[in-house]
Amino acid sequence: MSFSARAARWIRLLFLMASGGSAFADVEDGEALYRAGKYDECAQLAAREITGIGGWTERWRVLKVRAEMQRGNYAEAMETVERGMRRFPASINLRLLARDVYRYNGRADAVPVLMEELDRVVQGSPQTFATPEARVALGRYFLLTKQDSRRVLDLFYDTAIKEQPGLIEAYLAIAELALAKQDFALAAETLRKAPREAAADPRYHFLLASAYSDEDQSGSEKELAEALKLNPHHVDSLLLRVDHRVDAEKYDEAATILKQVQAVNPHEPRAFAYLAVLAHLRNDAEDEAAARKSALARWTANPEVDHLIGRKLSQKYRFAEGSAYQRRALEFDRDYQPARIQLCQDLLRLGEEDEGWKLAAGIFAGDAYNVVAYNLTTLHDRIATFRTLQGDGFVVRMDPREADLYGQRVLALLSRARKTLSERYGASPPTPVIVEIFPQRREFAVRTFGLPGADGLLGVCFGRVITANSPASQGAHPSSWEAVLWHEFCHVVTLSKTRNKMPRWLSEGISVYEEERADPSWATPMSPKFRAMILGKELTPLSQLSAAFLGAKTSTHLQFAYYESELAVAFLVERAGLPALKQVLDDLGAGVPINEALPRRTGMTLKQLDERFAAFARERAQRVAPHATWDEPELPPDASASAVSAWVVKHPRSFPGLRRLAAKLIEEGKLARAREVVETLRSLYPEYVGPENPYMLLAAISRKQSDDAAERKALEELVARDGSASPALLRLLDIEETAHDWKSVVRDADRLLAVNPLIAAPYRRLAVACESLGDLDQAVGAYRAVARLDDSDPSDLHYRLARLLQKLGRRDEARREVLKSLEEAPRFLDAHRLLLELAGNAATGPPTPTPAPATAPATNPTSIKRN
């Protein structure tokens, strides 16, 4: 609609209202009032038209019922809808509205009869519903009767759009269906294809906000702002804002918005459901029960109430309480699909897997379009192929190949984490703790959230269930899987101690803090970006840290939320002590809100905590590279070393400038000057381990100068600061192997396997080192890992394994390995000799000895001669 057309409509409406309703009004005039949130004026206009010339169309009655329901005028809506159905007995829209009208008037028992009548209407004269508008109404009816969603989409909604491409209601109906099935991508895509005029309807923006809500909070808030600009009283949009505020732990703001909702409809059940959530979160059981009772006052068996309460509690990681509410919802309606899906996910996160997987299968069997149910059912079949490892209260599930390679190491790490962290925090984690490690990121995301996505997350803990990405899902340079599992198990400890009643920032902050305590190389260093954010205006007050996760604008901001949460924990431990932190956790478990527990146990008010934390963080940031400047060279990308050097003369402490100069000098082969620049870099900012860090630059210079000792020193400094620096570890292994420093090879191979146990190089070097050191058992294990990962020279590997097993007295295993060697290379004479020896035939003489070589070529450690 053009601006002039809209202006003309509003002028006509103003004239209509001023004239007492005597002028003629289009239904579009009433719908404009409805979209603007002028529900009382809309209902009054509709009433006038129904008794006048507009009484011939059902649309005025539909509009009047909708306006009355929005205001909570349920009795008036009942009168309107019943008169309308008598006047228009074949109206689908009126009868669809009548379902909720009856329910909120205490007549839910009449709904089955109503639906039977509607079925007779539809079946009796289907030809009357051939218009595009009627197809949309029919689609909504068939969805209510649990017909196949995809057929409804194809036969009704898509067909309606083909017949009338400008039919906005069809696009909105598709988006509603997609959101109900948790197909957020389809919902957003459909709305983006809708006619431009759809943007004048607040429902359009609300549905788009709902589609964005999980993955793009800022985009969601932007759409909500548009919806509320069009209609400040749009209840659905206001409630979605409440939802976001609860997620961000901005409970006072949520309560304020709920008052706005209740000003529109004082009986809105979802508003009372959110009030029950807020009461639960502040440990007020009496108010929680009262709010729930009010939510169910008009429709006593409304399953949405308990589902909503439970969903929000589960999002706060209170899965036991959340699942209990879903069960209550299903007592009202055992087929209520949102509650079934949420209960399924709650059960899987609680470790109640048999019931959870069974429920997922049942949902999918009845609704093949449900995206979450499909994803979970598919994943269940995949997990069935995993290997299960058990020990010390853990059940670990992994891809069989990965379980063979590092499964026992996973169990050992988790056992050490249990002992260390349980003792430190005085907690008794549940048993068993279930740990599932996925080689594909999509599988991890589906197990964790039911849907693909979860970019940037390496692991998630729900309490007694941990899900994690394996190194296989992380590309060429994965993060330390040991650090990830240590972090996630720390969540098990703290969530157990608080009974899942802790804010996200504190849970994440403690886990990151404990990573550094376990291994300094796991620590997250203060990057230049984080330093700038702290010294700028982007540090979040300690009392509002959970909002930093929800409101993260970019992946960098999300990473910064983790970093500043760890800083907050370090601040609390330094200023108040670990015992005080543990008391805060105990208070949270008892239901004390975080912003009450912190002042109680630290002796500081919230204002003091915020101020002193900000000062603490700034002091930490100021200690990092205090003499460096951060000017960026304003030079073309291909500027020569001499050009960059000239710029650096004027900015001698510019860290970005010195990095660029060092890289350019190395590129041009001016290594002596490059070393001087890199040494300056290191002295300015020794903590920096990001791209083009001084340690990697020094190592590169030293390698070009064939100075192994200097290169090794630089690389050792780097891996001491960055435990995930796998390229540095690989190069260190090369240098150490050449130097016959077998103990260092063992140490650094172990470090590399803590990052990536799925590559052959560390196992190959570990095998040679252990063989040289006489640790034959570990050498056997390492060679077997090489055999699983590298098939470039299998006969050699099996022969070497056979020799080691023979030395260990494991003759049967040795015989099997030598046979595998001969299967790959039938004319391998040394293998034939070894087989004869193992068979007890000494006539051929002793086999050729095969000592461990000083260096190990990539595929043939002993350069065994074959014929």
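The values are calculated or read from the model by the stated rules, or taken from the named source; none is laboratory data. Because the structure is a prediction, the values reported are computed rather than measured. No Cβ is skipped: glycine too gets one built from the backbone with ideal geometry, and neighbour counts run over all protein chains shown. Note: areas computed on protein heavy atoms with side chains; ligands, DNA, RNA excluded. Shrake-Rupley method; radii C 1.70, N 1.55, O 1.52, S 1.80 Å.
So that you can scan it fast, the table gives a plain yes or no per residue for (1) farther than 28 Å from residue 622 by Cα; (2) in contact (Cβ under 8 Å) with a residue 12 or more places away in the chain; (3) of a type in the set (Lys, Arg); (4) open to solvent by less than 60 Å² (accessible area, probe 1.4 Å):
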position: 688; (1), (2), (3), (4): no, yes, no, yes
position: 698; (1), (2), (3), (4): no, yes, no, yes
position: 705; (1), (2), (3), (4): yes, yes, no, no
position: 710; (1), (2), (3), (4): yes, yes, no, yes
position: 718; (1), (2), (3), (4): no, yes, no, yes
position: 721; (1), (2), (3), (4): no, yes, yes, no
position: 726; (1), (2), (3), (4): yes, yes, no, yes
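Would the stretch 509-524 turn up any residue that is assigned to a loop (DSSP other than H, G, I, E, B) and within 23 Å of the chain's Cα centre (by Cα)? The answer is yes, given that some residue of the stretch 509-524 is assigned to a loop (DSSP other than H, G, I, E, B) and within 23 Å of the chain's Cα centre (by Cα). Name the residue that is surrounded by the fewest Cβ atoms within 10 Å (Cβ to Cβ), counting only residues in the stretch 245-259 that are among the aliphatic types (A, V, I, L, M) and in a helix (DSSP H, G or I). Step by step, filter the stretch 245-259, then rank; the result is 255.
Selection over the stretch 590-606 of residues that are assigned to a helix (DSSP H, G or I), surrounded by fewer than 18 Cβ atoms within 10 Å (Cβ to Cβ) and not polar (S, T, N, Q) gives a count of 4. Within the stretch 378-398, the set of residues being within 23 Å of the chain's Cα centre (by Cα) and open to solvent by 30 Å² or more (accessible area, probe 1.4 Å) comprises 378, 380, 381, 382, 397. Please indicate, with yes or no, whether at least one residue in the stretch 337-346 is more than 24 Å from residue 144 (Cβ to Cβ) and surrounded by 21 or more Cβ atoms within 10 Å (Cβ to Cβ). Yes, the stretch 337-346 has at least one match.
Remark: residue 63 falls outside the filter, which requires a residue to be surrounded by 20 or more Cβ atoms within 10 Å (Cβ to Cβ) and either touching a Lys or Arg at 6+ places or on another chain (Cβ under 9 Å) or outside any helix (DSSP H, G or I) (or both).
Screening residue 331 with (1) open to solvent by 10 Å² or more (accessible area, probe 1.4 Å); (2) in contact (Cβ under 8 Å) with a residue 24 or more places away in the chain; (3) of a type in the set (D, E, K, R); (4) part of a helix (DSSP H, G or I) gives one miss only, at (2).
The single condition among (1) under 23 Å from residue 696 (Cα atoms); (2) part of a helix (DSSP H, G or I); (3) of a type outside the set (S, T, N, Q); (4) open to solvent by less than 40 Å² (accessible area, probe 1.4 Å) that residue 609 does not meet is (1). Scanning the stretch 841-849 for any residue that is open to solvent by less than 40 Å² (accessible area, probe 1.4 Å) and either at pLDDT 90 or above or farther than 23 Å from residue 738 by Cα (or both) turns up at least one such residue. Under the condition of being assigned to a helix (DSSP H, G or I), surrounded by fewer than 20 Cβ atoms within 10 Å (Cβ to Cβ) and either at pLDDT 95 or above or not hydrophobic (A, V, I, L, M, F, W, C) (or both), the residues counted in the stretch 777-797 number 6. Taken together, the residues in the stretch 48-79 that are free of Cβ contacts under 8 Å to residues at least 60 places away in the same chain, closer than 23 Å to residue 268 by Cβ and out of contact with any Leu (no Cβ under 9 Å at 6 or more places or on another chain) amount to 6. Scan the stretch 486-497 and give yes if some residue there is open to solvent by 10 Å² or more (accessible area, probe 1.4 Å) and at positive phi, otherwise no. No, every residue in the stretch 486-497 fails to be open to solvent by 10 Å² or more (accessible area, probe 1.4 Å) and at positive phi. Scanning the stretch 506-532 for residues that are among the charged types (D, E, K, R) and within 23 Å of residue 423 (Cβ to Cβ) returns 508, 514, 515, 516, 517, 519.
Restricting 187, 198, 178 to those that are at pLDDT below 95, among the aliphatic types (A, V, I, L, M), in contact with a helix residue (DSSP H, G or I) (Cβ under 7 Å, 6 or more places away or on another chain) and farther than 19 Å from residue 154 by Cβ reduces the list to 198. Those residues that are touching a residue at least 40 places away in the same chain (Cβ under 8 Å), surrounded by fewer than 24 Cβ atoms within 10 Å (Cβ to Cβ) and either more than 19 Å from residue 401 (Cβ to Cβ) or under 17 Å from the mean Cα position of the chain (by Cα) (or both), I need them from the stretch 466-479; list them, please. Within the stretch 466-479, 477, 479 qualify. Residues in the stretch 162-209 that are open to solvent by 40 Å² or more (accessible area, probe 1.4 Å), outside any helix (DSSP H, G or I) and at negative phi: 164, 165, 166. Open to solvent by 20 Å² or more (accessible area, probe 1.4 Å), touching a residue at least 40 places away in the same chain (Cβ under 8 Å), closer than 28 Å to residue 437 by Cα and of a type in the set (A, V, I, L, M, F, W, C): which single residue out of 753, 758 fits that description? Being open to solvent by 20 Å² or more (accessible area, probe 1.4 Å), touching a residue at least 40 places away in the same chain (Cβ under 8 Å), closer than 28 Å to residue 437 by Cα and of a type in the set (A, V, I, L, M, F, W, C) holds for just one of 753, 758, which is 758.
For the stretch 224-236, the criterion of a residue being buried (at least 21 other Cβ atoms within 10 Å of the Cβ), of a type in the set (Asp, Glu) and assigned to a helix (DSSP H, G or I) is satisfied by no position.
Checking each residue in the stretch 347-371 for being surrounded by 24 or more Cβ atoms within 10 Å (Cβ to Cβ), within 26 Å of residue 283 (Cα to Cα) and out of contact with any strand residue (DSSP E or B) (no Cβ under 7 Å at 6 or more places or on another chain) picks out only 348.
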